[in-house]
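Participant: Have a look at this one before I ask anything.
The values are calculated or read from the model by the stated rules, or taken from the named source; none is laboratory data. As the structure is a prediction and not an experimental result, all values here were calculated from the model. Because the Cβ atoms are built from the backbone with ideal geometry, glycine has one as well, and the counts that use them run over all protein chains shown.
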Amino acid sequence: MDLKICGITSHDELDIVDQEGASYAGLWSGIAGHPRNLSDKSLTELAERCQNVAPVAVCVKRPVAELWNLIRETRVRHVQLHGFNPPRDIAFLKDRGVTLIKTVHVNDDGESPVDRLVDSYRTAGCDIFLIDRFGGRQAIGSSGVCLCSRSVARWLDRLEGARVWLAGGLTPDRICGLPEDRRIEAVDVDSAARMACGAIHRKAARMLVLAARSPNLFEAA
């Protein structure tokens, strides 16, 4: 599986993610009040610093036309719409050649407030669906809490035929415990790449990369 490490805020963090072999680096924009939200200048600088890792702009409420104006001259070609966007936002970005990742927020009962929109997202051209735990509209990411396996299985079936990424409280051992049916293309982490919820730590990032690439890593231990 590929690995995305989210919430990059500094050159040092980006260099760790890049050097340790993650596939994607999440750069937050339009998440007002969050400590990992980036200014336009910082997002642009970090995106241009990416070498081996692909930058992903992760947005909640930012208007997509405004977002496109920001990223169009950068290396960012992946956008993760993490809020409750209408399908027309996906179509707008797809028309401009963006690889579009749409978060599907799933609660502990396996329900999602965007369930009724999934088919419209597909029609609009969504490239990837990211299943993430939903703790309410004020807690829609980086919760450090995982979804139960039954909810994950339900949504893997619901999204049959689509590219799927998974987030929500994933640690190296939990990644190793994921089903090996190849329906999960990538895992998306934030908290597990940090020490005591602080900055991204090199050893933590390395363990996540190893777990994503070697699913049986911890079984023999």
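Participant: Within region 28-42, can you find the residues that are closer than 19 Å to Ala54 by Cβ and among the polar types (S, T, N, Q)? It would help to see each step written out before you state the result.
Facilitator: Just the residues of region 28-42 that are closer than 19 Å to Ala54 by Cβ, to begin with: 28-29, 36, 38, 42.
Residues satisfying the conditions are Ser29, Ser42.
Participant: Just to check your reading of the model, which residue among Ala91, Ala65, Ala47 is of a type outside the set (S, T, N, Q), at pLDDT 95 or above and in contact with a helix residue (DSSP H, G or I) (Cβ under 6 Å, 6 or more places away or on another chain)?
Facilitator: None of the other options fit; the residue is Ala91.
Participant: I'd like to verify a number: residues in region 94-116 that are touching a His at 6+ places or on another chain (Cβ under 9 Å) and either at pLDDT below 95 or exposed (fewer than 14 other Cβ atoms within 10 Å of the Cβ) (or both), how many?
Facilitator: In the first step, residues of region 94-116 are kept if they are touching a His at 6+ places or on another chain (Cβ under 9 Å); the result is 98-103, 105, 112-114.
Those left that are additionally either at pLDDT below 95 or exposed (fewer than 14 other Cβ atoms within 10 Å of the Cβ) (or both): 105, 112-114.
Of the residues in that region, 4 qualify.
Participant: Continuing with the same structure: Residue by residue through region 31-61, note down the ones that are surrounded by fewer than 22 Cβ atoms within 10 Å (Cβ to Cβ) and part of a loop (DSSP other than H, G, I, E, B).
Facilitator: Ile31, Ala32, Gly33, His34, Pro35, Arg36, Ser39, Cys50, Gln51, Asn52, Val60, Lys61, listed by residue number.
Participant: Could you pull out the residue among Gln51, Gln80 that is touching a residue at least 24 places away in the same chain (Cβ under 8 Å) and under 14 Å from Lys4 (Cα atoms)? Let's see the steps before the verdict.
Facilitator: Details: Gln51 fails: under 14 Å from Lys4 (Cα atoms).
Residue meeting the stated conditions: Gln80.
Participant: From the set of residues in region 79-95 that are part of a loop (DSSP other than H, G, I, E, B) and either small (Gly, Ala, Ser) or under 24 Å from Asn37 (Cα atoms) (or both), which is nearest to the chain's Cα centre (by Cα)?
Facilitator: Of everything passing the filter in region 79-95, His82 is nearest to the chain's Cα centre (by Cα).
Participant: Output the residue which, of all residues in region 117-130 that are touching a residue at least 12 places away in the same chain (Cβ under 8 Å) and assigned to a helix (DSSP H, G or I), is surrounded by the fewest Cβ atoms within 10 Å (Cβ to Cβ). So that I can check it myself, show each step before the final result.
Facilitator: Within region 117-130, the first condition is being touching a residue at least 12 places away in the same chain (Cβ under 8 Å), and the residues that meet it are 117-118, 120-130.
This time we only want the ones that are assigned to a helix (DSSP H, G or I), so: 117-118, 120-124.
Values: Leu117: 19, Val118: 19, Ser120: 15, Tyr121: 22, Arg122: 16, Thr123: 11, Ala124: 21.
If we take residues in region 117-130 being touching a residue at least 12 places away in the same chain (Cβ under 8 Å) and assigned to a helix (DSSP H, G or I), then Thr123 is surrounded by the fewest Cβ atoms within 10 Å (Cβ to Cβ).
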